[in-house]
Amino acid sequence: MTAGEISKYIVEYAYKKASPVSNLQLQKILYFLWVDFYKELKEYIFNDPFEAWALGPVVRNVYHMFSYYQYNCIDINY
């Protein structure tokens, strides 16, 4: 599974719950998901690398997937 696939699931889930996320929130969710998954199962949930950016860890390809929304909530339903 890739970070992009997981991101689409998170975005869709948040949209259906009427609580859409921004790109920044999505990046933080991905990071904490990755950490918790690794703590629990000692495996990576995805192999896409994180980069250290000014506002926290970022998966670059996921950032670019949703960069159109800038700082706004991602209002797309997959």
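For the stretch 34-49, a tally of residues being surrounded by fewer than 16 Cβ atoms within 10 Å (Cβ to Cβ) and either modelled with pLDDT under 95 or of a type outside the set (D, E) (or both) returns 9. Residues in the stretch 15-28 that are farther than 16 Å from A54 by Cα and crowded, with 17+ Cβ neighbours inside 10 Å: Y15, P20, V21. Listed by position, the helices (runs of 4 or more DSSP H) enclosed by the stretch 1-66 that each have at least 3 residues that are among the hydroxyl-bearing types (S, T, Y) are 3-16. Just to verify a result, which residue in the stretch 20-52, among those that are without any contact (Cβ under 8 Å) to a residue 12 or more places away in the chain and closer than 24 Å to I76 by Cβ, is nearest to the chain's Cα centre (by Cα)? Residue satisfying both the conditions and the ranking: Q25. Among the residues of the stretch 54-66, is any under 16 Å from Y78 (Cα atoms) and open to solvent by 20 Å² or more (accessible area, probe 1.4 Å)? Yes, the conditions are met somewhere in the stretch 54-66.
The values are calculated or read from the model by the stated rules, or taken from the named source; none is laboratory data. Given the structure is predicted, the values throughout are model-derived calculations rather than measurements. Cβ atoms come from the backbone with ideal geometry, glycine included; neighbour counts cover every protein chain shown. Please note that ligands, DNA and RNA were not included when accessible areas were found on the heavy atoms of the full protein model with its side chains. Shrake-Rupley method; radii C 1.70, N 1.55, O 1.52, S 1.80 Å.
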